[in-house]
Amino acid sequence: MGAFQRALRDPGQQAFLVYGPAGTGKTRLADECWKLAGGEGLRCVRATASQAARAMPLGAIRHLLPTDIEREDPVALFARVVDLYECTGRRTVLFIDDLHLLDATSAVLIGQVLDAGCMYLIGTVRSESPLPEAVASLDRGDRGRRVDLRELSLDQVDTVLSTVLGGPVERGASFQLHQASGGILLFLRELVSGGLETGTLVGDGGIWRLTGAPVRTRRLVDLIEGHIRGVPAEDRSVLEVVALCGPAATPGLDLGALSRLDRMGLVEVRADGRRTVAEAAHPLYGEVIRARMPLLERRKLLTEQAARLERTRMRRREDRLRLAIWRLDANGTADPDLLMQAARLARYAYDFGALAGLATALAQLDPTAGPRMILGEALYELGRFTEAEAALQDAAAAARSDEEYLLVTLLRTQSLAWAALRVPEAFMVNAAARRRLTDPDAQDALRVDEAALLAYVGEIGRAWPLVQNLDEVADPRTRVMGAIPKAYILAESGRSAQAISLARKAHQEHLGMPAVAAASHPGLHMGAWVMALVEEGRVDEARRLGEETYAQVVGDQALIAQMWLAIYLGKAEWYAGRLTRARGWFASAATVSGDHHFHGARWLALTGLMLAAAGMGDLEALEEAWSQARQLAPASHRRADATAVSGWRMAVRGNLTQARDLLSDAADLARATGSVATEALLLSDIARLGDPARVRVRLSELASICEGPLTAARAAHAAALAGRDPRQLEHVADRLEAMGILLLAAESYTSAAELYRGTGHRRAAAAGAHAARLAARCEGARTPRLAVPAGLDALTTREREIALLAANRLSSQEIADQLVLSARTVDSHLRQIYRKTGITSRKDLRRILQAPDTGSDGCSLRTDAY
């Protein structure tokens with residue numbers, strides 16, 4: 001608006017023109033400018049140009065002219081209008097919507113009035129539409145100011161949605177709404193309204209998400225049909241073909257009709273390699289046109305287009321996929337060979353929706369295992385796991401070769417473990433196949449499959465021998481897919497540099513690999529890569545890589561890769577200490593996996609949500625996720641990271657002794673299972689919660705094992721805490737900040753500031769300022785270390801723990817029972833706390849510490865040993 005005000009006040013400026021595609025908000029912006037001009041005391045008038053008014057000279061602006069204009073010749077009329085507007089003594093502001101549709105006579109008249117200096121023009125212009133010659137020079141040179149509005153990008157749509165809905169939006173939902181709206185603000189608004197009205201756009205669970213396809217409102221359909229209504233009858237059939245079959249090759253289509261439809265903004269004609277293709281100018285145009293078509297007309301057009309396509313040589317890979325889908329839509333069936341070719345193409349493109357339809361049709365024609373295996377994989381990728389398991393069981397029974405049986409086995413173990421959390425069954429299916437299949441390549445594939453299952457349940461040490469010699473495996477599918485668990489195992493074993501190298505190499509090999517069954521999306525290689533980058537102290541790079549890949553998998557509609565990457569991105573942000581972002585990623589993974597009944601990803605996403613909530617001191621959110629996670633918590637898992645949630649739950653409640661003990665148990669489990677990186681993290685957490693002496697030696701040992709610098713920094717932090725060395729704490733904090741590990745850096749500076757204050761050192765204020773600056777970047781972090789307000793930093797570790805428990809309404813005897821002390825000792829500590837802080841009651845402690853209510857039980861999320 002500032003640009004408009006400056007242009008309006010410039011006597012050399014004559015116009016302010018807003019360009020953009022239909023629906024981008026041109027009229028809204030221009031209208032606001034027009035109102036602003038009126039607010040400054042200027043006379044304001046407006047007009048709307050249109051195709052209908054264009055047929056009559058001066059039709060759009062007739063209401064702004066003298067009533068007897070028919071009796072005057074054009075020269076006299078133009079002079080009279082100039083005099084009319086000059087006589088007002090001030091510039092008139094004229095707003096013309098759709099200026100490009102203005103008739104030539106009106107344009108000449110307005111041009112003369114503008115040249116006389118008695119009028120200022122605000123106009124909207126559709127992109128790529130030429131202006132009438134008389135006003136065409138207004139957007140060139142110094143006479144006018146031009147503003148170009150574009151379709152919103154995906155990030156802009158995400159920002160708009162979050163702002164309008166008042167909360168974060170699941171990235172997949174943002175993508176669907178961006179794709180459906182084409183980035184056009186008007187269409188986006190209507191899709192959001194439709195989602196809210198029908199309940200398909202919901203905001204429970206702390207994040208907005210879609211539970212179905214975006215819904216069109218009646219108003220949106222009316223808007224689109226208004227655009228379509230002006231299509232001449234002779235061009236309608238071409239528009240319907242493009243909407244039904246686009247992107248459609250142009251040979252065989254009426255080129256004149258295409259040109260006219262292109263000018264109307266309904267069809268876009270573009271080059272696609274050597275072909276020229278036409279498609280609907282906006283996705284919603286195609287949807288509305290297809291919905292209006294009678295069934296028989298739709299089938300007739302599809303049959304005609306399929307016959308036309310068959311007459312070509314179908315040189316492109318996607319031609320056979322289109323042909324099969326058109327035949328299916330038109331006739332309900334197609335040639336089995338054609339369906340199988342199309343299914344392979346759909347699998348290559350990760351189009352599992354199309355693949356499910358093709359496989360269903362194939363299964364009705366072919367009783368063998370192949371179609372059922374393809375259907376099972378498609379249903380698994382779409383999140384329909386009960387149906388997937390039924391189809392895969394049928395495929396296993398129908399398998400005639402060892403190769404078919406192997407592929408069915410790999411698909412079944414994936415579905416049972418990752419989706420249904422029925423991991424023991426997945427191990428049994430794998431073991432049965434290993435007894436049946438003796439081929440070396442099959443044995444390699446099953447060993448890799450077992451390694452993936454073991455890594456998932458936390459048995460890193462047992463998984464490593466199964467993938468140690470992966471480079472020697474001959475089968476490329478096994479080698480590439482085996483790199484996904486191997487890279488994760490390397491990262492968990494402290495070999496982050498090796499994990500990055502392997503993930504990079506395998507990802508490139510995967511991209512060049514032809515489509516094969518039981519091969520996941522290439523984006524899954526990025527999960528371990530992201531976490532290894534964090535261990536290498538390259539958090540910003542990890543975040544950038546993860547977010548770029550996430551956008552790709554959402555675009556490919558690769559649901560499973562989307563969920564796992566959201567979890568890894570949440571973990572990366574949690575490590576870094578950006579807790580609001582971490583919570584957003586975990587919530588996104590939890591809601592999407594919950595909607596699609598993907599229990600494996602949902603369980604891990606919920607544990608991540610609990611850790612993020614604990615870091616923010618949000619006990620209510622932690623308990624809500626806790627109750628959901630306990631319903632899913634699987635047996636046969638030895639994942640130390642999930643067990644650690646119980647420790648942080650106690651920390652939020654103020655019971656730091658029990659928290660440290662639970663974290664110590666989890667660290668012992670991590671050590672026993674070979675999860676070196678997780679063990680280092682858990683030991684560092686124990687140091688953060690007040691007992692660095694307990695872990696400093698083991699952390700130092702791990703620092704010598706791990707390749708990345710993060711574990712070394714954690715060991716240095718614990719040593720500085722144990723030695724009460726504020727200078728070393730500052731040095732460690734600087735190292736951590738450079739890596740992007742902000743929360744631990746903030747806590748390190750906080751500890752340094754407290755130690756400096758204890759000795760009256762002049763560095764206390766500077767260290768405290770550093771701590772506050774870093775804490776502000778941690779997005780609401782409220783860990784026990786950061787939560788201690790000024791005035792309580794003089795307390796000992798034991799006194800702080802008792803203060804937290806007392807603030808949580810525990811009696812002296814209850815505190816004594818938890819800390820294995822006598823009630824008399826607890827009362828003695830409380831007197832010391834009151835003396836040091838100058839307060840007199842537990843109520844004051846609660847007010848200062850802002851302690852949460854702790855009404856839930858203390859059950860552990862620990863899972864059984866496998």
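The values are calculated or read from the model by the stated rules, or taken from the named source; none is laboratory data. This structure is a prediction, so every number in the text was calculated from the model and none was measured. Counting neighbours? That spans all protein chains shown, and the Cβs are built from the backbone with ideal geometry, glycine included. The accessibility values were calculated without ligands, DNA or RNA, using every heavy atom of the protein model including side chains. Shrake-Rupley method; radii C 1.70, N 1.55, O 1.52, S 1.80 Å.
For the reader, a short list of remarks on this structure follows.
- Being open to solvent by 10 Å² or more (accessible area, probe 1.4 Å), in a helix (DSSP H, G or I) and closer than 21 Å to residue 171 by Cβ is a description that applies to residue 585.
- Condition met for residue 487 (out of contact with any Lys or Arg (no Cβ under 8 Å at 6 or more places or on another chain) and hydrophobic (A, V, I, L, M, F, W, C)): yes
- Condition check for residue 500: under 25 Å from the mean Cα position of the chain (by Cα) and at pLDDT 95 or above: yes
- With respect to (1) buried (at least 19 other Cβ atoms within 10 Å of the Cβ); (2) closer than 18 Å to residue 798 by Cβ; (3) charged (D, E, K, R), the lone exception for residue 661 is condition (1).
- Matching helices (runs of 4 or more DSSP H) fully within the range 783-838 where at least 2 residues are of a type outside the set (A, V, I, L, M), at pLDDT below 75 and open to solvent by less than 60 Å² (accessible area, probe 1.4 Å): 797-807
- Residue 287 at pLDDT 85 or above and either under 26 Å from residue 177 (Cβ atoms) or open to solvent by 70 Å² or more (accessible area, probe 1.4 Å) (or both): no
- Residue list for the range 312-327, restricted to those being more than 33 Å from the chain's Cα centre (by Cα) and either in a loop (DSSP other than H, G, I, E, B) or surrounded by fewer than 17 Cβ atoms within 10 Å (Cβ to Cβ) (or both): 312, 313, 314, 315
- Qualifying residue in the range 343-352 (condition: of a type outside the set (A, V, I, L, M) and without any contact (Cβ under 8 Å) to a residue 60 or more places away in the chain): no
- Residues in the range 392-413 that are of a type in the set (A, V, I, L, M, F, W, C) and open to solvent by less than 10 Å² (accessible area, probe 1.4 Å): 392, 395, 408, 410, 411.
- Of the residues making up the range 735-745, at least one is open to solvent by less than 30 Å² (accessible area, probe 1.4 Å) and touching an Asp or Glu at 6+ places or on another chain (Cβ under 7 Å).
- Being over 32 Å from the mean Cα position of the chain (by Cα) and free of Cβ contacts under 8 Å to residues at least 24 places away in the same chain is a description that applies to residue 768.
- Residue within the range 337-346 that is closer than 24 Å to residue 179 by Cβ, open to solvent by 70 Å² or more (accessible area, probe 1.4 Å) and part of a helix (DSSP H, G or I) present: no
- All told, residue 307 meets the bar of being surrounded by fewer than 16 Cβ atoms within 10 Å (Cβ to Cβ) and part of a helix (DSSP H, G or I).
- Scanning the range 355-372 for residues that are closer than 23 Å to residue 521 by Cα and open to solvent by 20 Å² or more (accessible area, probe 1.4 Å) turns up 357, 360, 372.
- Residues in the range 119-139 that are assigned to a helix (DSSP H, G or I) and surrounded by 15 or more Cβ atoms within 10 Å (Cβ to Cβ): 134, 135, 138, 139.
- Residue in the range 382-390 that is of a type in the set (A, V, I, L, M), open to solvent by 40 Å² or more (accessible area, probe 1.4 Å) and over 19 Å from residue 435 (Cα atoms) present: yes
- Filter pass, residue 759 being among the polar types (S, T, N, Q) and modelled with pLDDT of 90 or more: no
- For the range 22-47, the set of residues classified as surrounded by 16 or more Cβ atoms within 10 Å (Cβ to Cβ) and of a type outside the set (A, V, I, L, M, F, W, C) consists of 23, 24, 25, 26, 27, 31, 46, listed by residue number.
- Once the range 227-243 is narrowed to residues that are assigned to a helix (DSSP H, G or I) and open to solvent by less than 40 Å² (accessible area, probe 1.4 Å), the residue that is nearest to residue 290 (Cα to Cα) is 243.
- Per the conditions (1) closer than 22 Å to residue 664 by Cα; (2) open to solvent by 10 Å² or more (accessible area, probe 1.4 Å), the sole criterion not satisfied by residue 629 is (2).
- Looking only at residues of the range 672-708 that are closer than 25 Å to residue 539 by Cα and without any contact (Cβ under 8 Å) to a residue 12 or more places away in the chain, we find that the one that is least open to solvent (accessible area, probe 1.4 Å) is 701.
- Residue check for residue 106: of a type in the set (Ser, Thr, Tyr), open to solvent by less than 20 Å² (accessible area, probe 1.4 Å) and assigned to a helix (DSSP H, G or I): yes
- Check on residue 627, out of contact with any helix residue (DSSP H, G or I) (no Cβ under 7 Å at 6 or more places or on another chain) and either of a type outside the set (A, V, I, L, M) or free of Cβ contacts under 8 Å to residues at least 60 places away in the same chain (or both): yes
- Output for the range 203-221, where each listed residue is crowded, with 17+ Cβ neighbours inside 10 Å and either basic (Lys, Arg) or outside any helix (DSSP H, G or I) (or both): 207, 208, 209, 210, 214, 215, 216, 217
Yes or no, residue by residue, for (1) touching a Ser or Thr at 6+ places or on another chain (Cβ under 6 Å); (2) buried (at least 24 other Cβ atoms within 10 Å of the Cβ):
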{"position": "591", "(1), (2)": "no, yes"}
{"position": "606", "(1), (2)": "no, yes"}
{"position": "610", "(1), (2)": "no, yes"}
{"position": "613", "(1), (2)": "no, yes"}
{"position": "624", "(1), (2)": "no, no"}
{"position": "641", "(1), (2)": "yes, no"}
{"position": "668", "(1), (2)": "no, no"}
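- Once the range 140-177 is narrowed to residues that are within 18 Å of the chain's Cα centre (by Cα) and assigned to a loop (DSSP other than H, G, I, E, B), the residue that is surrounded by the most Cβ atoms within 10 Å (Cβ to Cβ) is 170.
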